[in-house]
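The values are calculated or read from the model by the stated rules, or taken from the named source; none is laboratory data. Owing to the predicted nature of the structure, the values given are computational and were not obtained by experimental measurement. Backbone-built Cβ (ideal geometry, glycine too); neighbour counts: all protein chains shown. When the accessible area is computed, the model is the full protein with side chains, heavy atoms only, and any ligands, DNA or RNA have been set aside. Shrake-Rupley method; radii C 1.70, N 1.55, O 1.52, S 1.80 Å.
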Amino acid sequence: MEAWMAFVVLSFLAYSICLKLGEYMLVCLMHWRLDAKEKARYASLDCWCRSAIPFCDTLIIWRGNSLPNGFGRCAVCPTTSLINHSCSPNGFLNWDDKRRHMTVHVMRPIKKGDEITISYVNVNLKAEDRQLELRHKHRFTCTCPACSATEEALQASDKRRERIGLLTDGAARRVLSPRTDISMKEIEELLMLLDEEYGDPSYKGDVCMEAHAVKLKEGGDKVAARTWAAKGYKLMLLTKGASSREVQLAKHASSQ
Ligand SMILES: [Zn+2]
Ligand SMILES: [Zn+2]
């Protein structure tokens, strides 16, 4: 290996280690600043280690319980942390920046006593990869309906989820692409797959808003764009709630 390549690799490694160390130091500092009641609540959260090694449990609880809240940030929300995992969850987590609350929205009608679930991992991963991450980060094997389906159904689900992930990642490219016909075809396919795999509003609201943006580009088909925004608003209201900024933007777009 050339010297400069070794330098680049080592610098990147050092950078990653510094970043993680920085994050862990910040977590320990934030934990230290909690009051006794908050500390007890934090300590009651799920942790597979429970040892006397300083900071160890604090960091393991952080790894297993922190949730993204806004761009590039994470938080531990003790109540939300009590919700169990499912790979086909009926609950949708959304951070409410205005009220500074993690909100949970239920995507399908539930009966009294039904369990509300959320997903701890990217649901679009293959079953095997979901299990790997759950075992690594949370130390359990998932037995949700999606994971305990027959081999055949599992393979079909994997294929759908893989395609959903791919199409979801293509959102930015589609909005910029001059081939709006191809973009719209992909969007329709994504909506169909989401329906088949999850059968609830899930991420469809975001996809409708993407269709809204594509339609506005396409020589400015305002009527079609408004229809997509109205659809997106209805779906996003179910998964993100009326106070979400995205939902308010969608509402505004549907009346333009
Ligand atoms: Zn520990
Ligand atoms: Zn599962």
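Every condition in (1) more than 23 Å from residue 143 (Cα to Cα); (2) within 16 Å of ligand 1 (Cβ to nearest atom) holds for residue 48 except the one numbered (1). Residues in the range 168-205 that are open to solvent by 70 Å² or more (accessible area, probe 1.4 Å), assigned to a loop (DSSP other than H, G, I, E, B) and within 20 Å of residue 219 (Cβ to Cβ): 178, 179. Beta carbons closer than 6 Å, at least 6 apart along the sequence or on distinct chains, pair a first residue in the range 44-59 that is modelled with pLDDT under 90 with a second that is basic (Lys, Arg) and more than 8 Å from ligand 1 (Cβ to nearest atom) for 48/139.
Inspect all residues belonging to the range 33-40 and state whether any of them is touching a residue at least 12 places away in the same chain (Cβ under 8 Å) and out of contact with any Gly (no Cβ under 9 Å at 6 or more places or on another chain). For the range 33-40, residues touching a residue at least 12 places away in the same chain (Cβ under 8 Å) and out of contact with any Gly (no Cβ under 9 Å at 6 or more places or on another chain): absent. Within the range 123-139, being within 12 Å of ligand 2 (Cβ to nearest atom) and among the polar types (S, T, N, Q) holds for one residue alone: 131. Test each condition in (1) under 15 Å from the mean Cα position of the chain (by Cα); (2) of a type outside the set (A, V, I, L, M); (3) within 16 Å of ligand 1 (Cβ to nearest atom) for residue 56 and report the one that comes out false. The number of the failed condition is (1).
Scan the range 131-143 for residues that are open to solvent by 70 Å² or more (accessible area, probe 1.4 Å) and either β-branched (Val, Ile, Thr) or at negative phi (or both) and jot them down. Listed by number, the residues that qualify are 132, 135, 136, 137, 141, 143. Against the condition within 16 Å of ligand 2 (Cβ to nearest atom), open to solvent by 60 Å² or more (accessible area, probe 1.4 Å), hydrophobic (A, V, I, L, M, F, W, C) and within 25 Å of residue 147 (Cα to Cα), how does residue 116 come out, does it pass? Yes. Do we find that residue 146 is without any contact (Cβ under 8 Å) to a residue 60 or more places away in the chain, open to solvent by less than 60 Å² (accessible area, probe 1.4 Å) and over 28 Å from residue 243 (Cα atoms) in this structure? It is false that residue 146 is without any contact (Cβ under 8 Å) to a residue 60 or more places away in the chain, open to solvent by less than 60 Å² (accessible area, probe 1.4 Å) and over 28 Å from residue 243 (Cα atoms).
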